[in-house]
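**Student:** Sharing a structure below in C-alpha cells format, with a few things to ask.
The values are calculated or read from the model by the stated rules, or taken from the named source; none is laboratory data. Predicted, not measured: the structure shown is a model, and the values here were computed from it. No Cβ is skipped: glycine too gets one built from the backbone with ideal geometry, and neighbour counts run over all protein chains shown. Note: areas computed on protein heavy atoms with side chains; ligands, DNA, RNA excluded. Shrake-Rupley method; radii C 1.70, N 1.55, O 1.52, S 1.80 Å.
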Amino acid sequence: MAQSVQIVSSAKNAVAFDALRSVSANSPVAVRGIVQQKKSKNAKQKEEGEAEDTLELDLVDIYPLNSFPKDLIMTPETVFPPEQRYLQLRSDSQLRDALRFRAQVQSLCRAELQASTPGFVEIETPLLFKSTPEGAREFLVPTRRRGLAYALPQSPQQYKQILMASGIPRYFQFARCFRDEDLRADRQPEFTQLDMEMSFATGEDVMRTIEGVIRRLWTTLMPDPVPAGPFRRMPYQEAMARYGSDKPDTRYGMEISQIDHLLPADLVSKITSLPVSDNPVVEVFKVESHDNDPAATLEFVRGFFDSSAGGPFNQNPEGAPGIFIYDAKKPLCGLQPLGFEAAERIEDMLEPDHGDLLVLQARRRAPFAGEGATVIGDLRRALHSAAVAAGRAPAPSGFDFLWVVDFPLFSPESAVEPGQGGRAGIRATHHPFTAPKTAADVDLLLTDPTAATADHYDLVVNGVELGGGSRRIHDAVVQEFIFRDILQMPSARLDDFAHLLDALRAGCPPHAGLALGFDRLVAVMLGRDSVRDVIAFPKTGRGEDALVKAPSMMTSEALRTYNLRLD
Ligand code: ASP
C-alpha cells in the first residue's frame, strides 16, 4: 500500500523551506525532520472523506536525490505507452498492487505445498534445455559451438519426471516456460507456471492437492471462500456437447442441445451446405430476453452479426447460424420454418419465452477429438458477452471450479500445434507422457489408439483453463511404444528422449502432476482480462518487449560468433 506523508515547513527554517519549494513533483528526495501527530485533515481530504494520515513531518533538511524531467508530464490522466513501462507502473497504483498481490499468491502456494506431508520440495530445473518434440514450438538458443543449440523449455515436464526417478517424492517450482506460439489469445511467449509432480501418486492425489492450494488462496485473499467438498468433474465429451468448449463457463445457462433428429431434411439443407446425406449435426441454444420484446431481440442480434465479434460466424463453411426469435404473436411463435412437429418438440425442450432467441448451428458429424471448441460453443460465448455488454443479461459472478477429465489421448494432427512430428497423422492431445486412463485404454493402444482416453485433468474456472496435468507413463516400454509405434516418430527424434526413457527404465515409480498457469491464476483472482496486467514486464501481442525493444536484430558479428548466416 503506498504511504503518503505530509511535510510541513515554515519560513522560519528558510534554507529548508526554499529547498522544499524548489523540489519538482515526482522526484526522489531524502528528508530529515521531526515526526509528529498531524494537527488536522486538510480541507480537500475532509471534502472527499479520505482517511486521515495521522503523522506528518516537521522539516529540518531536504536533499534532492534526482530530478524529474520537465518534458515529462505525469498527471492522473496521463496514459503511458508500453515503451515507458516504468512510468505505467509508477503512475498506476493498481498495477503495483497487482504485483504485490501476485507475490502474496506465490507465498501462499508455497506455504500450502510445503506444509503437506510429505512436503513438496522447491527445485529449479535448467532453462538451457534441449530441443525435444514435446508439443509446442520452441525457442532455440544458439551456442558458439558450430551447429549446437539449446532450447528453452516449453515446461519442466521431462526434468520433473526425471526428479521422480531420482527419489524426490514431491516437487514444485514457479517455472518460467517458453513457447513460440500464436499470441492472439492473450498468451505470452514466456510465462510462469506453478509446476508440481508427486511420486507414488495418481491423478486423484494431484487434484486433491491442487484443490487445497485453491481453497487456501480463496480463503485468504478473496471475498468468498470456495465451497467445501471436491470440485465437480465433467468429462470432455460432455463439456463439448453441452457447452461447445473444453473450458466452459458454467455460470450461465445457454446450454447446447442436439436437435437434428427433430428437423425436416429440407430445413437442415437450408442451414448448412454440408450434404444432408452426411447427416450433419444440428445444435441449438437459447438466449433469454430480459424484456420479452422480440423487436429489441432482433435489433440486438442484427447488431451482433454486423459487429466484428459476430460477423465471422456468418462465414462458417459449415453454414451460417440459423436465428429464430420466439414471438407469441407470430404463427407457430416464429418457429414456422422448423415445421409444426419440430417446432412443438423444440418448444417442449427449450421452453422459450416471448422475445427469446434460438440459435441453430450445423457441423460435420464427427466425435469430438481433442479440439478446444466448436463453432456453436464460440458463438454461445460471444453472444453471451455481447448480451452482458448490452445490458441484456447480468454479468455472471462468483467462481465455478471444475475438473474437465477424460480427454482423448490422441487427436488428429493440427495446423496450429506442431505436435510430436510423428508420421501417424495424430498427436498426443496434451503431451506424449500422459498415461492411458484404464487397462482397457492400454489395450486400445494396440487396436484403436484414437479411441483411448487419457488420465488427464484440466482445472477450469469461469471459462478459463487454469491448468492441466496427468498421470504419467512410468514404464519405459509403454512410453517407447507410444513414441515409436503410435506416434511414429522418426528414430532421430526418438533418440532425443533417450534421457527420459533411461530414467523411467531405472525403476521410476508411478507418478502424476500438474501445472497451473500462474499469470492466468493471478489475473482471474484479480478479475483482470489480460495477463499483461499482472506481469511486471509483459510482451506485446507481437511477442515484443516494447520497453527494451526485444527481440533485436543480430549483428553480423554476433551471427559469425554463433556460426549463423542470414538467407
Ligand atoms: N507440462 C504440462 C504443461 O505444461 C503440465 C503437466 O502435465 O504437468 O501443460
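**Student:** Here is a list of conditions, (1) at pLDDT 95 or above; (2) surrounded by 15 or more Cβ atoms within 10 Å (Cβ to Cβ), and residue 493 meets all of them except one; can you say which number that is?
**Tutor:** Evaluating residue 493 over (1) at pLDDT 95 or above; (2) surrounded by 15 or more Cβ atoms within 10 Å (Cβ to Cβ) leaves (1) as the failure.
**Student:** Please list, ordered by residue number, the strands (runs of 3 or more DSSP E) wholly in the stretch 419-471 having 3 or more residues that are in contact with an Asp or Glu (Cβ under 8 Å, 6 or more places away or on another chain) and open to solvent by 10 Å² or more (accessible area, probe 1.4 Å).
**Tutor:** Fully inside the stretch 419-471 and qualifying: 464-471.
**Student:** Of everything in the stretch 472-489, what is outside any helix (DSSP H, G or I) and within 16 Å of the ligand (Cβ to nearest atom)? Give them in sequence order.
**Tutor:** 472, 473, 474 - these are the residues of the stretch 472-489 that are outside any helix (DSSP H, G or I) and within 16 Å of the ligand (Cβ to nearest atom).
**Student:** Looking at the stretch 453-468, I want the residues that are farther than 23 Å from residue 367 by Cα and have a partner that is within 11 Å of the ligand (Cβ to nearest atom) and open to solvent by 10 Å² or more (accessible area, probe 1.4 Å) with Cβ atoms under 6 Å, at least 6 apart or on another chain. Which pairs are those?
**Tutor:** 467/515; 467/517
**Student:** Given 144, 137, which one is open to solvent by 10 Å² or more (accessible area, probe 1.4 Å), in contact with an Asp or Glu (Cβ under 6 Å, 6 or more places away or on another chain) and more than 13 Å from the ligand (Cβ to nearest atom)?
**Tutor:** After applying the criteria, what remains is 137.
**Student:** I would also like to ask the following. Can you work out which of the residues in the stretch 147-159 that are outside any loop (DSSP other than H, G, I, E, B) and open to solvent by less than 30 Å² (accessible area, probe 1.4 Å) is nearest to residue 113 (Cα to Cα)?
**Tutor:** It comes out as 157.
**Student:** Looking only at helices (runs of 4 or more DSSP H) that lie completely in the stretch 34-129, which have at least 2 residues being at pLDDT 90 or above and surrounded by fewer than 13 Cβ atoms within 10 Å (Cβ to Cβ)?
**Tutor:** Helices (runs of 4 or more DSSP H) meeting the threshold: 93-115.
**Student:** Please count how many residues of the stretch 362-402 are in contact with a Gly (Cβ under 6 Å, 6 or more places away or on another chain) and of a type in the set (S, T, N, Q).
**Tutor:** The total comes to 1.
**Student:** I would also like to ask the following. Out of all the residues in the stretch 271-302, which are of a type in the set (Gly, Ala, Ser) and touching an Asp or Glu at 6+ places or on another chain (Cβ under 8 Å)?
**Tutor:** Answer for the stretch 271-302, where residues must be of a type in the set (Gly, Ala, Ser) and touching an Asp or Glu at 6+ places or on another chain (Cβ under 8 Å): 273, 289.
**Student:** Just give me the residues in the stretch 413-447 being closer than 19 Å to residue 236 by Cα, away from the ligand (no atom under 15 Å from the Cβ) and modelled with pLDDT under 95, in sequence order.
**Tutor:** If the condition is that a residue be closer than 19 Å to residue 236 by Cα, away from the ligand (no atom under 15 Å from the Cβ) and modelled with pLDDT under 95, then 413, 414, 426 are the ones that fit.
**Student:** On to the next question. Contact list please: Cβ distance under 6 Å, first residue in the stretch 160-172 and closer than 12 Å to residue 120 by Cβ and in a helix (DSSP H, G or I), second residue open to solvent by less than 10 Å² (accessible area, probe 1.4 Å) and of a type in the set (D, E, K, R), pairs at least six apart or on different chains.
**Tutor:** What qualifies is 160/197.
**Student:** Enumerate the pairs (first residue in the stretch 97-118 and among the β-branched types (Val, Ile, Thr); second residue anywhere and in a helix (DSSP H, G or I)) with beta-carbon separation below 8 Å, excluding pairs fewer than 6 apart on the same chain, so at least 6 apart or on different chains.
**Tutor:** 105/217; 105/221; 105/518; 105/521; 105/522; 105/525
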